[in-house]
1. Here are 82, 114, 100, 77: which of them is more than 20 Å from residue 237 (Cα to Cα) and touching a Gly at 6+ places or on another chain (Cβ under 8 Å)?
2. Where the second residue is in a helix (DSSP H, G or I) and open to solvent by 50 Å² or more (accessible area, probe 1.4 Å) and the first is farther than 29 Å from residue 64 by Cβ and lies in the stretch 197-214, which pairs have Cβ atoms under 9 Å and are six or more apart or on separate chains?
3. Under 6 Å between Cβ atoms, which residue pairs at least 6 apart in sequence (or on different chains) link something in the stretch 216-232 that is farther than 14 Å from residue 15 by Cβ with a partner that is in a helix (DSSP H, G or I)?
4. Which ones in the stretch 185-212 are in a helix (DSSP H, G or I) and in contact with a helix residue (DSSP H, G or I) (Cβ under 7 Å, 6 or more places away or on another chain)?
5. Residues in the stretch 93-116: is at least one modelled with pLDDT of 95 or more and open to solvent by less than 70 Å² (accessible area, probe 1.4 Å)?
6. Since residue 158 meets every condition but one in (1) open to solvent by 60 Å² or more (accessible area, probe 1.4 Å); (2) assigned to a loop (DSSP other than H, G, I, E, B); (3) modelled with pLDDT of 90 or more, which condition does it not meet?
7. Under the condition of being at pLDDT 90 or above and hydroxyl-bearing (Ser, Thr, Tyr), which residue from the stretch 163-179 is nearest to residue 50 (Cα to Cα)?
8. Using the structure shown, decide if residue 241 is surrounded by 14 or more Cβ atoms within 10 Å (Cβ to Cβ), in a strand (DSSP E or B) and either at pLDDT below 95 or not charged (D, E, K, R) (or both).
Amino acid sequence: MLLTPGDMGPGEWSDVAHVLTSRGHQVLLDTDLSYDRGILSAAGTQLQRLHDSTFWALRGVQHVDVAVGIGMGAGPAAAMAAEGRARSAVLIDPDLTAFATTHPDNLDQLAPDAKLELAAEIGTRLEPYADNLTYGPLTREMVDILCGVFTADMWRQRQADLVAHFLTSRVATDRSLRPTPANLQASDWTAAAATAPVRIWLTAGNESIDTALRDAGLNVTLTAWGPAPWIQSPDELSSAIETTTDPTIP
């Protein structure tokens, strides 16, 4: 199983990777990632590494049963299914930038109010760190804000603890390092999802997104999980991932 991280890096997958490994699965998680052109190049960085045969040779495999991506990791996961490296792919709350670009009439559906409100609050709380956002580095205080630790959601503290080292040491915030067009294109999972065995799992509260993606002909499941099930519900998510590797299940 290949797990591709989102914008917070591989730490978010730690709990699920542990559960799957303890159940006897071989898990490929690239813990040596670095986002050298900032978070927006996350997909491009991963895809470049996945296209390097050395990545696979070092792990002793050439293919996986399933590639699972979250957020900006959706593009690389879908690409692996389209390119035959993975039998199938699962995208959990995939980054919607590419879809929104090609479906501008759905913009209202793709931005639930609760997410916009949290993003606005995070932006306000990050204002004192303007210089860090421009020149780096990301600090632990900034990571706590980015993860929304200030909310009443207790799981967000766990998220911050898991991702802090990656964000503070393996993400370049130098604004002169612009994501390349290839970096941005790598986040587009929509073409692969239209032709390859790709499933999209949305967490609860994303009913409007579910409708928009279904209307576009994509294979979508709206789950009962709360935000970030890879942290809140690792056992349940691991069981669901295991199910996708059963060839008898359509």
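1. From the options 82, 114, 100, 77, the qualifying one is 114.
2. 205/114; 205/115
3. Note: pairs meeting the criteria are 218/193; 220/210; 220/213; 220/214; 222/210; 226/232.
4. Passing the criteria: 190, 192, 193, 195, 212.
5. Looking through the stretch 93-116, at least one residue is modelled with pLDDT of 95 or more and open to solvent by less than 70 Å² (accessible area, probe 1.4 Å).
6. That leaves (2) as the condition not met.
7. For the stretch 163-179, the residue satisfying everything is 169.
8. No, not satisfied.
The values are calculated or read from the model by the stated rules, or taken from the named source; none is laboratory data. Here the structure is a predicted model, which is why all the values come from computation and not from measurement. All Cβ positions, glycine included, derive from the backbone under ideal geometry; neighbour counts span all protein chains shown. For the accessible areas, the whole protein counts, side chains as well, though only heavy atoms, and no ligand, DNA or RNA atoms are used. Shrake-Rupley method; radii C 1.70, N 1.55, O 1.52, S 1.80 Å.
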